[in-house]
Amino acid sequence: MNRHRVLLHADWPILCQTRFPFGPDSALTLISTTQRLTKTMLHATRTGLANPLRCAFRAHSVPKRTFVSLRLPIQTVALRRQLGRRSASGSSGARSTTTIVALALGAVGLAGGWYYYSQQKASKDGTGAGLLSKPTESDFQKVYNQIAHRLVEVDEYDDGSYGPVLLRLAWHCSGTYDKETNTGGSDGATMRFAPEKDHGANAGLQATRNFLEPVKTANPWISYSDLYILGGVAAVQEMGGPVIPWRYGRSDKDAAFVTPDGRLPDGAKGADHLRAIFHRMGFDDREIVALSGAHALGRCHTDRSGFSGPWTFSPTMVTNDYYAILLNEKWGWKKWDGPAQYEDKSTKSRMMLPTDMALVKDKAFRHHVERYAKDNDVFFKEFAEVLRKLFELGTNLQADYMTLKPVHA
Ligand code: HEM
């Protein structure tokens, strides 16, 4: 509790405020405990006062901080007068006030003690129940393992895996970042809220958030924003991709932080659009091409984006196939009623978006497509680094990097 601060405020004579470096869920648990303790303690102080003191508790989250406030307002004129009289008539009023401050601080202190104890216990017994003040690599490995097991267990989805769409969830959480305004990004998990969850680009991602919900229930201490990104890390690693350096510390934000529509790329457009969107996030040409290698995975759905089909024949394996196919296949426009997209001439079963095709039409992009098509190790190395960067957009993470071990890959 060394972050303890006591503020005295004109209208609220006693205000104890404690700052905690975790999300609002943790704060709420702390509040309820503080509330219980303080109610009990204040009961004893009521004697002799015209009106009972009432406590007000509040938690609010501002970027990177959560405040827990314990307010003990001297609420009524009668009470003020009474305290005033006591003060005027001697030192007992002052003593009362001092007692109340001391009790309030004691309550917060006790709650903090309980809090610390529960953290340690939850951490030790590995139940995931309670709160973790400083989760360890093994805590995150446990969450990772649960995601990895679910990826295998729930295999009736699409091409047999939620992996691709889990990666897409992590990317769409992060890719809203705007470096000019420092808004959006993976801190906040604001995609849980309207209107962001209903943005056209996010169609189909509710199923993925539902997929992760049992993992959140089993590990209430992890923030949604860390969980959604960890889902992306697990997906890549479990589908045979490179190890992605991981660190935690994203905090959940409320609906006030949702980002405007239009921050994610539109597959119907070309190279200029790609540059405009990704430069806004802080990526250069090489990084745009490296990120696009994710389209080795998954498929397009007519009921989501309107586009149709997979990019590769191995949509649940991370490989550099996307680049090789882009370069080596012959591509033509697909003849259909849907949006303009390419299909491979040899099998007519693989697709490319206009934005994918821009990577071979544009000279600067093409240079990197060729590099990655030639060497899977180079692709894996640069893909891991660019995903790490993507997943940290809009955050101010301080924790050390962790290496979470693949389970099935
Ligand atoms: C370069 C600009 C990008 C465009 C225009 C784009 C567009 C699209 C579109 C239209 C879909 C199909 C959605 C559907 O119908 O279900 C899709 C799927 C996908 N995208 Fe992208 N994307 C881009 C970049 C990325 C990046 C940077 C990543 C990850 C790092 C990514 C990962 C994926 C994955 C894994 C899928 C398959 C999802 C599934 O199987 O449900 N995309 N993308």
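Readers should treat all values here as calculations from the given coordinates under stated rules, not as data from a laboratory. Here the structure is a predicted model, which is why all the values come from computation and not from measurement. Every residue, glycine as well, gets a Cβ built from its backbone with ideal geometry; the counts of neighbours run over all protein chains shown.
For this structure, a couple of remarks:
- Each peptide in 364-373, 329-338 receives the mean, over its residues, of other Cβ atoms within 10 Å, and ordering these scores from highest gives 364-373, 329-338.
- Between ALA218 and LYS363, the C-beta separation translates, for a Förster distance of 60 Å, into a calculated FRET efficiency of about 0.75.
- Centroid-to-centroid separation of region 175-231 and region 300-322 [C-alpha atoms, Å]: 22
- Between region 348-379 and region 267-299, the Cα center-to-center distance that results, in Å: 11
- Residues of region 297-326 with amide N under 20 Å of a point placed 7 Å along Cα→Cβ from ASP337: 300-309
- Stretchable slack from LEU327 to VAL243, in nm (0.36 nm times residue separation minus alpha-carbon distance): 27.6 nm
- Global geometry of region 237-318, whether rounded, prolate or oblate, following the gyration tensor of its Cα atoms and the 1.5 cut on a/c: rounded
- Each peptide among 171-179, 232-240 gets the average number of other Cβ atoms lying within 10 Å of its residues, and from highest to lowest they stand as 232-240, 171-179.
- Given their separation in residues at 0.36 nm each and the Cα-Cα distance between them, HIS408 and ALA194 gain 73.5 nm when the chain is fully extended.
- With the simple model of a label 7 Å out from the Cα in the direction of the Cβ, TYR157 to GLN398 spans 3.4 nm.
- Computed across region 325-409, the Kirkwood radius stands at 15.9 Å (inverse of mean 1/r, all Cα pairs).
- Values of log10 I(q)/I(0), in the order q = 0.16, 0.22 Å⁻¹, for region 145-249 under a Debye, Cα-only, solvent-free model: -0.68, -1.28
- Its convex hull of Cα atoms gives region 306-365 a direction-averaged projected area, equal to a quarter of the hull surface, of 4.3 nm².
- The modelled label-to-label distance for the pair ASP266/VAL378, using points 7 Å beyond Cα in the direction of Cβ, is 3.4 nm.
- Estimated inter-spin distance, GLU385 and ASP254, nm [label 7 Å along Cα→Cβ]: 4.1
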